[in-house]
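Below is one structure, written out as structure tokens; the observations come after it.
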Amino acid sequence: MLTLLLAEILAITGAQLVPSDPLEAPRVVTVLIEGERILEVGEGLKPPAGARVIDGAGLFLCAAPIDGFAYWDSDHDPLYASAGVALVTDHGNRVLKVIDGRNSPSRAGYPTLRIAGPVIDGFPPSTSDAAVARTSVEAQAQLEPLLAESVDFVAFHSNLTPEPWRKLIELAHGAQRQVWGPLPRGVGLLEAVDGGQDGFLFMDVLMSAGRAWDSAQLADFEPAILKLGAARVRLVPFLAGNARLLAPWTASAPELDWLSPQFANHWRGELEMRNAQLADSAVRKEFDERGARALATQMELLRRLHAAGVQLVPGSGAPHPWLVPGRALHDELGLWQKAGLPAREVLRLATLGAAQALGIDAERGSIAAGKFADLLLLRGDPSQDVGALREPVWVVLRGEARSREQLDSALANLRQRQLRAQAEANRPIEVGDPPAVAGELLLSGYCETLALGVRSAAERYSVVRAKDGSLSFCGRRVVPQPDGTRVEIEIEMRVPKGQLNYFSVQLKGATQHLSVEGHFTANQWRVQRKIDGVHFDVQTALEPVAAVDVGSVTGLIMIGATRGNGPFPVLTFHESLQMEVVRWELGLEPDGAHYLRTPSGVKWARFDPRGALLELSEQRGSAGVKTVGSNTLPESQPGLPFSDVKLREIERARVDDAARRAREAPVGGTGGAGGKSGEKQ
């Protein structure tokens with residue numbers, strides 16, 4: 001009792017407990033909460049003196065649901081909290097972003113984050129932020145730093161091939177981590193189950209190649225259903241993937257006001273493209289009918305998977321277009337109930353069942369002493385209708401309690417902030433000068449990166465020639481974050497006699513400072529990494545490289561100044577500044593544009609006559625990103641123009657292109673009055 005008197009206790013009294021386990025009987029209880037944890041649950045408990053008391057009389061009390069599949073952004077926290085979501089499982093994101101988010105003390109009262117770091121994929125990567133692993137060696141290089149950062153599980157994408165997939169499973173299981181994803185390329189479902197994959201994304205994993213959901217026969221799935229049920233496989237069904245396309249969304253939907261400019265633009269763009277494709281009423285009718293048949297098939301399949309014993313894990317897929325963070329999880333649960341699963345069973349699957357499938361049920365998923373205090377007070381009984389979960393009267397997340405009024409106020413503040421952000425999205429990003437280096441300034445410039453028409457990053461760069469003739473390529477790149485913080489990258493690369501021999505990279509996040517410094521000596525690179533100024537490790541690479549790639553335009557400017565046609569090695573760094581030597585290949589276009597094939601996708605770069613970057617277009621997975629630049633060097637200075645060797649290569653490309661066009665041109669002109677095209681004259 002002395003401990004209770006010294007600590008601040010939250011007491012919820014008189015509410016009817018709806019247990020996560022359907023075998024337990026509902027009862028009226030008092031819950032005592034100390035800090036983030038539940039202290040005691042019982043009937044007739046008396047709150048200690050000085051406790052904060054929430055009167056739950058006439059309300060229903062249940063554990064808060066878990067979202068097993070989403071992509072987190074800090075802007076979405078108020079949406080998740082308003083919907084009463086206890087935990088968000090992020091299936092692939094930038095390392096610093098999710099580590100900062102998971103560990104930030106400012107996230108009290110928001111859902112817990114369960115993170116994988118970047119999704120790991122093969123080549124070409126399916127998403128722009130994927131970490132590429134083409135071999136088992138690359139899989140190990142990608143995964144070991146993530147495990148060192150204590151990611152909670154491992155996520156991969158569908159272009160991963162069998163060899164690195166098996167390595168991920170081996171390493172993850174050795175570190176007691178689960179591996180989740182779709183099917184890797186070239187691996188069947190039963191092989192994936194036998195191979196040890198812990199969890200599967202989407203019911204598409206059951207679909208045979210070339211089949212479609214609107215014409216699928218349920219009998220075809222029976223062998224797989226029996227196998228998955230016997231193996232107690234974990235599966236995120238994601239019915240909302242189809243259902244979202246059948247909802248009557250509009251470009252003026254009020255939900256867009258809660259989103260950042262990037263997401264709002266993306267959602268509107270997706271809707272505009274879809275509406276254009278379905279402009280014909282007959283085409284739309286067919287689309288809707290096929291979508292309805294596909295959803296009906298998936299709902300029946302969900303029921304059969306559940307009956308067979310498959311561990312179904314609810315996942316919202318937010319913030320894919322028209323899947324609102326928080327609300328989309330309730331939409332998914334509503335579809336499960338509509339598919340025929342009893343409401344009480346859906347509630348179990350969203351709480352204790354999800355926690356068991358994710359391996360976190362010792363601390364989450366039910367209301368019991370010692371577990372995290374993630375719970376909801378509701379007006380309706382969610383064991384009768386899971387729709388009762390949608391608007392909690394009170395939300396308690398890790399012991400922080402918020403009333404409906406407080407939650408609605410937070411949503412109103414979010415809306416105002418996002419509307420301001422959308423209005424200000426085109427304002428320039430403030431960037432300081434690049435690192436200062438002594439010598440003659442040869443080139444300087446400013447670049448902005450645009451994603452979905454919104455500035456997503458900006459950079460200032462310079463090229464300086466020292467007294468010994470060596471060139472230093474320097475840049476400062478700023479990437480604003482949705483929560484108002486910035487990620488800043490400083491880079492310097494030193495090139496004496498045309499060969500890179502030194503570089504320094506500083507990556508500063510909201511709570512972490514990562515740095516690397518590399519020297520090329522004795523025919524090898526020695527690269528030291530530090531975290532917050534403390535030595536972390538020394539890495540080595542056994543070959544010279546043409547440039548260092550950390551997302552800065554300085555690497556491309558350096559390639560423009562020093563490289564000609566053909567392949568060359570590049571030292572690239574992933575977000576944890578884990579290094580890898582990869583191959584790029586440069587092809588020069590007739591107009592002088594640089595066409596670069598890289599492991600993460602294709603880049604097209606254009607430079608002005610003085611060597612400044614004017615435009616960079618990147619295709620990474622299905623995403624396109626554009627960077628536009630300007631030369632800030634005084635007009636009187638010559639800059640760093642292409643070498644005579646490169647100019648001759650460009651001229652050769654122009655001549656070859658003209659000859660090719662001549663060979664492909666039809667004989668006899670255009671086929672007008674002078675004769676038919678292709679006819680001998």
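Out of the residues in the stretch 75-115 meeting the condition of being of a type in the set (A, V, I, L, M, F, W, C) and either part of a helix (DSSP H, G or I) or modelled with pLDDT under 90 (or both), tell me which one is surrounded by the fewest Cβ atoms within 10 Å (Cβ to Cβ). Walk me through how you get there before you give the answer.
So in the stretch 75-115, the residues of a type in the set (A, V, I, L, M, F, W, C) come out as 79, 81, 83, 85-88, 95-96, 98-99, 108, 113, 115.
This time we only want the ones that are either part of a helix (DSSP H, G or I) or modelled with pLDDT under 90 (or both), so: 79, 81, 95-96, 98-99, 108.
Values: L79: 24, A81: 25, V95: 25, L96: 22, V98: 26, I99: 23, A108: 11.
So, considering only residues that are of a type in the set (A, V, I, L, M, F, W, C) and either part of a helix (DSSP H, G or I) or modelled with pLDDT under 90 (or both), the one surrounded by the fewest Cβ atoms within 10 Å (Cβ to Cβ) is A108.
Which ones in the stretch 181-205 are touching a strand residue (DSSP E or B) at 6+ places or on another chain (Cβ under 9 Å) and not in a loop (DSSP other than H, G, I, E, B)?
The answer is G181, L189, A192, V193, G199, F200, L201, M203, V205.
Could you list, in sequence order, the residues of the stretch 99-118 that are in contact with a Pro (Cβ under 9 Å, 6 or more places away or on another chain) and either small (G, A, S) or without any contact (Cβ under 8 Å) to a residue 40 or more places away in the chain (or both)?
G117
Give just the number: which of (1) in a loop (DSSP other than H, G, I, E, B); (2) touching a residue at least 40 places away in the same chain (Cβ under 8 Å) does G229 not satisfy?
Status for G229: all satisfied but (1).
Any chance the stretch 273-280 includes a residue that's part of a helix (DSSP H, G or I), touching a Gly at 6+ places or on another chain (Cβ under 7 Å) and touching a residue at least 12 places away in the same chain (Cβ under 8 Å)? Before you say what the answer is, go through the steps one by one.
The initial filter retains those residues of the stretch 273-280 that are part of a helix (DSSP H, G or I), namely 273-277.
Those left that are additionally touching a Gly at 6+ places or on another chain (Cβ under 7 Å): none.
No: zero hits.
Might you let me know whether the stretch 38-45 holds any residue that is more than 19 Å from G84 (Cα to Cα) and among the small types (G, A, S)?
First, the residues of the stretch 38-45 that are more than 19 Å from G84 (Cα to Cα): 39-45.
Imposing the further condition that a residue be among the small types (G, A, S) reduces the set to 42, 44.
For the stretch 38-45, residues more than 19 Å from G84 (Cα to Cα) and among the small types (G, A, S): present.
If you go through the stretch 315-360 one residue at a time, how many are of a type outside the set (G, A, S) and outside any loop (DSSP other than H, G, I, E, B)? Full working, then the answer.
Of all residues in the stretch 315-360, those of a type outside the set (G, A, S) come to 319-325, 327, 329-333, 335-338, 341-342, 344-349, 351-352, 356, 358, 360.
Next cut, outside any loop (DSSP other than H, G, I, E, B) only: 327, 329-333, 335-338, 344-349, 351-352, 356, 358.
Adding up the residues that qualify gives 20.
Of the numbered conditions (1) part of a helix (DSSP H, G or I); (2) free of Cβ contacts under 8 Å to residues at least 24 places away in the same chain; (3) of a type outside the set (G, A, S), E363 satisfies every one except a single condition; which is it?
(1)
Taking the criterion of being without any contact (Cβ under 8 Å) to a residue 24 or more places away in the chain, touching a strand residue (DSSP E or B) at 6+ places or on another chain (Cβ under 7 Å) and hydroxyl-bearing (S, T, Y), would at least one residue in the stretch 382-405 satisfy it?
Yes, the conditions are met somewhere in the stretch 382-405.
Quick one: is A279 under 29 Å from the mean Cα position of the chain (by Cα) and aliphatic (A, V, I, L, M)?
No, not satisfied.
Can you give me the number of residues within the stretch 530-555 that are out of contact with any helix residue (DSSP H, G or I) (no Cβ under 8 Å at 6 or more places or on another chain) and either of a type in the set (V, I, T) or crowded, with 22+ Cβ neighbours inside 10 Å (or both)?
Looking only at that region, the number is 10.
Scanning for something out of contact with any Pro (no Cβ under 7 Å at 6 or more places or on another chain) and among the aromatic types (F, W, Y), does the stretch 497-514 turn up at least one residue?
yes
Among the residues of the stretch 640-647, are any exposed (fewer than 13 other Cβ atoms within 10 Å of the Cβ), over 30 Å from Q528 (Cα atoms) and of a type outside the set (S, T, N, Q)?
Scanning the stretch 640-647 turns up at least one residue that is exposed (fewer than 13 other Cβ atoms within 10 Å of the Cβ), over 30 Å from Q528 (Cα atoms) and of a type outside the set (S, T, N, Q).
Evaluate the following for V233: is it buried (at least 20 other Cβ atoms within 10 Å of the Cβ) and in the same structural domain as Y80 (by TED's automatic domain parsing)?
yes
If a residue has to be of a type outside the set (A, V, I, L, M, F, W, C) and buried (at least 19 other Cβ atoms within 10 Å of the Cβ) to count, how many in the stretch 581-598 make the cut?
Going through the stretch 581-598 one residue at a time, the tally reaches 3.
Here is a check on your reading of the model: is D55 touching a residue at least 40 places away in the same chain (Cβ under 8 Å), within 30 Å of A240 (Cβ to Cβ) and either among the acidic types (D, E) or exposed (fewer than 15 other Cβ atoms within 10 Å of the Cβ) (or both)?
No.
Could you tell me which numbered condition A510 fails, if it satisfies all but one of (1) in a strand (DSSP E or B); (2) within 30 Å of T627 (Cα to Cα)?
Going through the list (1) in a strand (DSSP E or B); (2) within 30 Å of T627 (Cα to Cα), A510 breaks only (1).
Among the numbered criteria (1) surrounded by fewer than 18 Cβ atoms within 10 Å (Cβ to Cβ); (2) in a loop (DSSP other than H, G, I, E, B); (3) modelled with pLDDT of 95 or more, which single criterion is violated by S208?
The single condition S208 does not satisfy is (3).
What are the pairs with Cβ atoms under 6 angstrom where one residue, in the stretch 287-298, is assigned by TED's automatic domain parsing to the domain that holds A339 and in a helix (DSSP H, G or I) and the other, located anywhere, is modelled with pLDDT of 95 or more and among the small types (G, A, S)? Sequence gap at least six, or different chains.
Short answer, once both residue conditions are applied: none.
Every residue in the stretch 118-143 that is at pLDDT below 90 and either of a type in the set (A, V, I, L, M) or buried (at least 24 other Cβ atoms within 10 Å of the Cβ) (or both), please.
Once the filter is applied, which keeps residues that are at pLDDT below 90 and either of a type in the set (A, V, I, L, M) or buried (at least 24 other Cβ atoms within 10 Å of the Cβ) (or both), the stretch 118-143 yields P125, A130, A131, V132.
Count, please, the residues in the stretch 10-31 that happen to be of a type in the set (S, T, Y) and free of Cβ contacts under 8 Å to residues at least 60 places away in the same chain.
2
Mind checking whether some residue in the stretch 599-608 is out of contact with any strand residue (DSSP E or B) (no Cβ under 6 Å at 6 or more places or on another chain) and either closer than 30 Å to H535 by Cβ or modelled with pLDDT under 95 (or both)?
No: zero hits.
Listed residues A653, A605, A593; which is in contact with a His (Cβ under 6 Å, 6 or more places away or on another chain), more than 24 Å from L507 (Cα to Cα) and in the same structural domain as L507 (by TED's automatic domain parsing)? Full working, then the answer.
Working: A653 fails: in contact with a His (Cβ under 6 Å, 6 or more places away or on another chain); A593 fails: in contact with a His (Cβ under 6 Å, 6 or more places away or on another chain).
Result of the check over A653, A605, A593: A605.
The values are calculated or read from the model by the stated rules, or taken from the named source; none is laboratory data. These numbers were taken from a predicted model, which means no experiment stands behind them. Counting neighbours? That spans all protein chains shown, and the Cβs are built from the backbone with ideal geometry, glycine included.
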